[in-house]
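S.K.: Here's a structure for you.
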Amino acid sequence: MSPERAGYWTRRLWRNVGILAVALVVHLVVMGAVASSNGRQVIYRLSMATGYVSIVLIAWAMLIGPWRLRRGRPAPASTDLRRDVGIWGGIFGLAHVVTGLQVHFAGKFWKYFVYPDGDHRIPLRHDLFGFANWTGLAAALVLVLLLAISNDVSLRALGTRRWKSWQRWTYWAAVLTVAHALAYQVPTKHHGRWIAAFMLVTVVVVAMQLDGRRRYMTRAAARSVEGGQTP
């Protein structure tokens, strides 16, 4: 391995250590806060912690592009930082699915998606609890897709334009996550501060994304004008 390549992987390794350090801090803060607020069981605390770590990391990944544009820097289709943060966000999101499905029904996870009593004409859950679970499952499937293409092999195989179109499913994952989180937490009165924190993150991400979109379109229009003036 050339010195340049070795240096690249060393920097990327330390970057991932830093990302995991941020994730660990968020994880410990949420675990401690949930324990002090209502003393819920460990699996519930793990579910909350992995969920909020995933939210923070995915939000971070979605802020990188708009922040680069805000600073006047280019916004390429993919950067190592955004990809690594997104990968860890996806991993913690899937960990949240695994732990979340253990909180109720003694691990009988299918009861999250179908009514257990057999008295419903349509057995699939269509109440608020079911909506929260179905949207969470859909978000998890999108995260699996995004994790599968978060590598250089997929980028080369799909081409930049097609890869970017698939990568935009991140926005659908974010929408489904918002729906999932609110459906679970809004009916629970003691979750007020968690909802406030979640909504703050959501508002910041949406505002930055809209600002980034505006800046990108402005920059593209400027390039178009310059190109039209070129002999």
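The values are calculated or read from the model by the stated rules, or taken from the named source; none is laboratory data. Since the structure is predicted, the reported quantities are computational estimates derived from the model, not experimental observations. We place every Cβ from the backbone using ideal geometry, glycine too, and count neighbours over all the protein chains shown.
S.K.: Please find, among Val26, Val34, Val114, the residue that is free of Cβ contacts under 8 Å to residues at least 12 places away in the same chain and surrounded by 13 or more Cβ atoms within 10 Å (Cβ to Cβ).
M.R.: Criteria check complete, one pass: Val114.
S.K.: So which residues in segment 168-201 are among the polar types (S, T, N, Q) and exposed (fewer than 15 other Cβ atoms within 10 Å of the Cβ), if there are any at all?
M.R.: Thr188
S.K.: In addition: Hey, among Leu46, Leu57, which residue is of a type in the set (A, V, I, L, M, F, W, C), buried (at least 20 other Cβ atoms within 10 Å of the Cβ), in contact with a Phe, Trp or Tyr (Cβ under 6 Å, 6 or more places away or on another chain) and in a helix (DSSP H, G or I)?
M.R.: When all the criteria are applied, what remains is Leu57.
S.K.: Then there is this: Only one of Ser150, Ser165, Ser154 is free of Cβ contacts under 8 Å to residues at least 24 places away in the same chain and surrounded by 14 or more Cβ atoms within 10 Å (Cβ to Cβ); which?
M.R.: It is Ser154.
S.K.: Examine segment 68-76 for a residue that is in contact with a helix residue (DSSP H, G or I) (Cβ under 6 Å, 6 or more places away or on another chain) and either of a type in the set (Phe, Trp, Tyr) or in contact (Cβ under 8 Å) with a residue 12 or more places away in the chain (or both), and state whether such a residue exists.
M.R.: yes
S.K.: Can you report the number of residues in segment 185-231 which are assigned to a helix (DSSP H, G or I), closer than 30 Å to Gly32 by Cα and either among the basic types (Lys, Arg) or modelled with pLDDT under 85 (or both)?
M.R.: 7
S.K.: Still on this structure, please answer the following. Has segment 11-21 got at least one residue that is in a helix (DSSP H, G or I), among the aliphatic types (A, V, I, L, M), touching a helix residue (DSSP H, G or I) at 6+ places or on another chain (Cβ under 6 Å) and modelled with pLDDT of 85 or more?
M.R.: Yes, the conditions are met somewhere in segment 11-21.
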